[in-house]
Amino acid sequence: MKKCPQCGRDYNDDSMSFCLDDGSELLFGPARPESGTPTSVATGFSPVDEPATAILHTTDAAREAPTRAQIHTTEKTAVLPSGIADVPQKRFDKRLIAAPILVVVIALGVYLGYRSFSTTTKQIESIAVMPFVNESGNADVEYLSDGMTETLIGSLSNVPNLSVKPRSTVFRYKGKETDARTTGKELNVQAILNGRIVQRGDQLTLSLELVDVEKDNVLWSQQYVRKQSDLVSLQSEIARDVSSKLKTKLSGAEEAIVSKKYTENSEAYQLYLKGRYYWNRRTSEGLKKAIEQFQQAIDNDPNYALAYAGLADSYGLMQIYAGSPTSEVLPKAKAAALRALEIDDSLVEAHASLAQLYTFSWQWGDADREFRRAIQLNPNYPTVHQWYSAQLISVGSVDESLAEIKRAQELDPLSTVIAVNVATVYILRGNLDAAIALCNNFIELDSSFPATHVTLALAYQRQGRFEEAITAAQKGVELSKRSDGALGVLGYCYAVGGNRSEALAILREIEEKHARRESKGSSLAYIYTGLRDKDQAFAWLEKDFQARSGNLAFQLINPILGTLNSDARYADLRRRMGLPQ
């Protein structure tokens, strides 16, 4: 039992330490001490004549400690024998409780804060920058949300030891409702960055949110309100802020690369974003609009290296998607790429573009050098591995090509165009089942990409599944709006399947396109190969050679024209192009 020495209240609970009425410290023993057995307020013990151990102070010389029997108590004061100063008993100070409680609270707060800090400030090693949502209610501003997403992906890709999902992977989620945990699992990343953009007049509001996908909680959020004229500095600020929130320690040089500004001209930057927006459509009309935007960006800032790289990419693809003569577009593409590197030799996009253009020019050594330089600058840039793979196929290095395209696929596993390149190499190696499975998997993910259906048609044809091949090729023609390449494959499938009249009808359609300079000779060579007319096939390939068609080397090795390799004219054509025999 415990008791309160002040009010005398008894407590049967020995775990209690302080009185509930007045806060006094509880003592062991009965509430009312028996007569003749006084109790020391200081100790609470009551054995008779036990030497007192109370904290009693005196300035007199040391002497024998008084016994408890010698101490006479009153309500508030312990009265000691002569020679010992009277010491008033102090009422219990409640601050004695508050102090230790405060210490405990502080310690607990520090502990919990540390736990929280340690779990939310760990370094993020993988991230997906999801397509920023345009909440402006104006579709014309879509280029801005897409462009800022792509620019931030590019900036963060320069952060050491950070895996950043590329554009082609994350843009599959554009316009779709997703949750962080599911998306993070699908993309195999630790964090997701979401963004929302609102443009009202000249004011731009960007809201960002960094989410830990494992715990599905927000690690950091920030809202930026700027004038549109401050867009360039805003982009650099965002890149710097996000990289710091990922808990990545950057050197001064690394931080400069991450937050690098390629132009100070806001209008030029917005024109560049529009150019990339149209370029990513990969259509004839889109490429023409992209060229206009990139050129206007250069007019606003003649030293804008990225805009020159975009111009080079656009002219380079015109021969593939628009059927433009190589002799017209290739010199313009090369000039733009070289100007970009003259301004900034560290620009990986420009090195990759120039390497691709050297491939189109049949300058194989120069192409190999530039591809290796681009990979050295940024080994995690999937496009450069993809393009390098195509160059290696062109020179006949199929095994090396497979290694490069598989590396591109590792970096960008959801890219349809990369998957098509992988499937093509599978076909060349005779692994038709793998090619068919890959194409069908990606058609389930995105059925709108024409090349997937066309490549599937070639694999089916190799297995003798002609009806399925024709169905797949027809879908490719429809989706590509009857491009010459897709038409050539469909005509070939008709021919090898025994449907000669349909093959000849396709042949005439492509010939009309060629007369309008909207088709390559190789597309006609496809159909003549299927019709087993080698003379006409080589005649059309010779036209491409004379026009120095940039894609001819790749065409010669593809699953259709590669069947001509037993003819001496095939080896002669490769020799004249500087290709190994």
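The values are calculated or read from the model by the stated rules, or taken from the named source; none is laboratory data. As the structure is a prediction and not an experimental result, all values here were calculated from the model. Here Cβ is always computed from backbone atoms with ideal geometry, including for glycine, and neighbour counts include all displayed protein chains. Surface accessibility is based on the protein's heavy atoms, side chains included, excluding ligands, DNA and RNA. Shrake-Rupley method; radii C 1.70, N 1.55, O 1.52, S 1.80 Å.
Got a sec? Which of Arg281, Arg276 is within 30 Å of Leu552 (Cα to Cα) and outside any helix (DSSP H, G or I)? First the steps, then the outcome.
Numbers: Arg276 fails: outside any helix (DSSP H, G or I).
None of the others qualify; the one that does is Arg281.
Consider the stretch 450-470 and keep the residues that are farther than 26 Å from Ser168 by Cβ and touching a residue at least 12 places away in the same chain (Cβ under 8 Å). The one that is surrounded by the fewest Cβ atoms within 10 Å (Cβ to Cβ) is Glu467.
Just for the stretch 172-183: of the residues that are open to solvent by less than 40 Å² (accessible area, probe 1.4 Å) and either among the hydroxyl-bearing types (Ser, Thr, Tyr) or modelled with pLDDT of 90 or more (or both), which one is farthest from Leu445 (Cα to Cα)?
Among those residues, the one meeting the criterion is Thr183.
In the stretch 504-527, the count of residues that are closer than 29 Å to Met577 by Cβ, open to solvent by less than 30 Å² (accessible area, probe 1.4 Å), in contact (Cβ under 8 Å) with a residue 60 or more places away in the chain and among the polar types (S, T, N, Q) is one or more. For the stretch 292-323, filtered to residues that are out of contact with any helix residue (DSSP H, G or I) (no Cβ under 7 Å at 6 or more places or on another chain) and in a helix (DSSP H, G or I), the residue that is farthest from Leu273 (Cα to Cα) is Ile320.
Here's a check for you: in the stretch 432-449, which residue that is open to solvent by 60 Å² or more (accessible area, probe 1.4 Å) and more than 16 Å from Lys406 (Cβ to Cβ) is nearest to the chain's Cα centre (by Cα)? I'd like the intermediate steps shown before the answer.
As a first pass, look at the stretch 432-449 and keep what is open to solvent by 60 Å² or more (accessible area, probe 1.4 Å): 433, 441, 444-445, 447-448.
With more than 16 Å from Lys406 (Cβ to Cβ) added as a condition, the list becomes 433, 444-445, 447-448.
Values: Asp433: 31, Glu444: 23, Leu445: 19, Ser447: 24, Ser448: 23 Å.
Residue satisfying both the conditions and the ranking: Leu445.
For every residue, the table says whether it meets (1) modelled with pLDDT under 95; (2) among the polar types (S, T, N, Q).
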{"position": "Lys247", "(1), (2)": "yes, no"}
{"position": "Gly252", "(1), (2)": "yes, no"}
{"position": "Ala256", "(1), (2)": "yes, no"}
{"position": "Glu292", "(1), (2)": "no, no"}
{"position": "Gln295", "(1), (2)": "no, yes"}
{"position": "Ala312", "(1), (2)": "no, no"}
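Collect the residues in the stretch 510-532 that are under 43 Å from the mean Cα position of the chain (by Cα) and either under 20 Å from Tyr460 (Cα atoms) or not in a loop (DSSP other than H, G, I, E, B) (or both), keeping them in residue-number order.
Keep residues of the stretch 510-532 that are under 43 Å from the mean Cα position of the chain (by Cα), which gives 510, 513-514, 516-527.
Scanning the stretch 510-532 gives Ile510, Lys513, His514, Gly521, Ser522, Ser523, Leu524, Ala525, Tyr526, Ile527.
Considered as a group, the residues in the stretch 335-390 that are small (Gly, Ala, Ser) and assigned to a loop (DSSP other than H, G, I, E, B) include one that is farthest from Ala307 (Cα to Cα), and that residue is Ser361.
Residue-wise test of (1) closer than 25 Å to Glu410 by Cα; (2) assigned to a loop (DSSP other than H, G, I, E, B); (3) among the basic types (Lys, Arg); (4) open to solvent by 10 Å² or more (accessible area, probe 1.4 Å).
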| site | (1), (2), (3), (4) |
| --- | --- |
| Ile192 | yes, no, no, no |
| Ile197 | no, no, no, no |
| Leu206 | no, no, no, no |
| Glu209 | no, no, no, yes |
| Glu214 | yes, yes, no, yes |
| Gln222 | no, no, no, yes |
| Ser229 | no, no, no, yes |
| Val232 | no, no, no, yes |
| Ser243 | yes, no, no, no |
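Here is the figure for the stretch 320-351: residues that are at pLDDT 95 or above and polar (S, T, N, Q) total 0.
So, in the stretch 466-489, of the ones that are within 22 Å of Met318 (Cα to Cα) and aliphatic (A, V, I, L, M), which residue ends up nearest to the chain's Cα centre (by Cα)? Only one residue fits best here, namely Leu479.
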